[in-house]
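Please treat every number below as a calculation from the coordinates, not as lab data. This is a predicted model, so every value here is computed, not measured. For neighbour counting, all protein chains shown are included, and Cβ atoms are generated from backbone atoms with ideal geometry for every residue, glycine included.
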Amino acid sequence: MRYITSPLAGCLLAASVLAGRHYFPDYFQVIARFESALLFLSGLVAGIRLPDIDLVFPGLSHRSGITHSCLLALLPLMFDLPFVAGGLAMGIALHLSSDIQPRTWSGGALIKFPILGSIGILSPLWILFNIVGCIVVLFHILPQEHEVGRWAILIVMLVGGGWYFLSEEKKRLFPLITLAFSMLLVHQYNKGQLSVEIVIQYFV
């Protein structure tokens, strides 16, 4: 039941941080500088297992396109929780990067939607597109934090990502390449350096 306990743990951590800020402001000053990193961690903890929450919802098949997407990472932005959104985006990106290397692209490995059913051979493209979407969300929230907070978030990302790949993944190379490709793609786009020549130089 890890796909339930992990999102719940992330929600509890975020709720504790937000409650501490609201109800105990005097005590909260001690950890206020790391509030963004704690909220990011809560999103990361929840996001790593969140896509598999489709297993508990009637009407959703496993590998549902609704839960296996970057859309879930956008929800906290509606409640002005950008660092939770960034953590969710990173966690979902880690999960999807793992899902992009099944034994075969058939059956339970395929992305499915209610009513429409499986999207078949488009499944790996859907996963890659949503990993890139998660990285867009992640890069969007990072400039909003001061330098100390960004370093704290970076440490959380490295520790969380390292734990995930070391404890959960047997084949780590392809997921890491996929994440690196997505980050480089978004970085180049944000810097205005994405062009046909750049793509050929890096990826061909």
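Here the spin labels are modelled as points 7 Å beyond Cα on the Cα-Cβ line, and at His140 and His62 they lie 3.1 nm apart. Neighbour counts of C-beta atoms inside 10 Å place Leu125, Leu185, Leu60, Leu116 in the sequence Leu116, Leu125, Leu60, Leu185, starting with the fewest.
Taking 0.36 nm per residue of separation and subtracting the Cα-Cα distance, full extension of the segment from Tyr23 to Phe129 would add 34.1 nm.
Counting beta carbons within 10 Å around each of Cys134, Cys11, Cys70 and listing the fewest first gives the order Cys11, Cys70, Cys134.
Between Arg2 and Lys171, what's the calculated FRET efficiency when r is the beta-carbon distance and R0 is 22 Å? Round to 0.05. Between Arg2 and Lys171 the formula returns 0.65. Close amide H partners of Ser118, meaning residues 5 or more places away or on another chain with modelled amide H under 5 Å apart, are Phe113.
Is the shape of the chain best called rounded, prolate or oblate, per the rule: a/c under 1.5 gives rounded, else a/b larger than b/c gives prolate, else oblate, with a ≥ b ≥ c the square roots of the Cα gyration tensor eigenvalues? It is oblate, given that a/c is not under 1.5 and a/b is not larger than b/c. Would you mind calculating the relative contact order of the range 54-204 from Cα pairs under 8 angstrom and at least 6 residues apart, reporting the percent as a whole number? Dividing the mean separation by the residue count of the range 54-204 yields 26 percent. Sort out for me the Cα centre separation of the range 28-76 from the range 88-112, rounded to whole Å. Cα centres, the range 28-76 to the range 88-112: 15 Å.
Counting only Cβ charges, +1 for Lys and Arg and -1 for Asp and Glu, the dipole size of the range 2-203 around its Cα centre is about 440 debye. Projecting the Cα atoms of Ala46, Thr67, Ile111 onto the charge dipole of the chain, computed from C-beta unit charges around the Cα centre, puts Ile111 farthest toward the positive end. Using R0 = 25 Å, the C-beta based FRET efficiency linking Trp163 and Met78 works out to 0.30.
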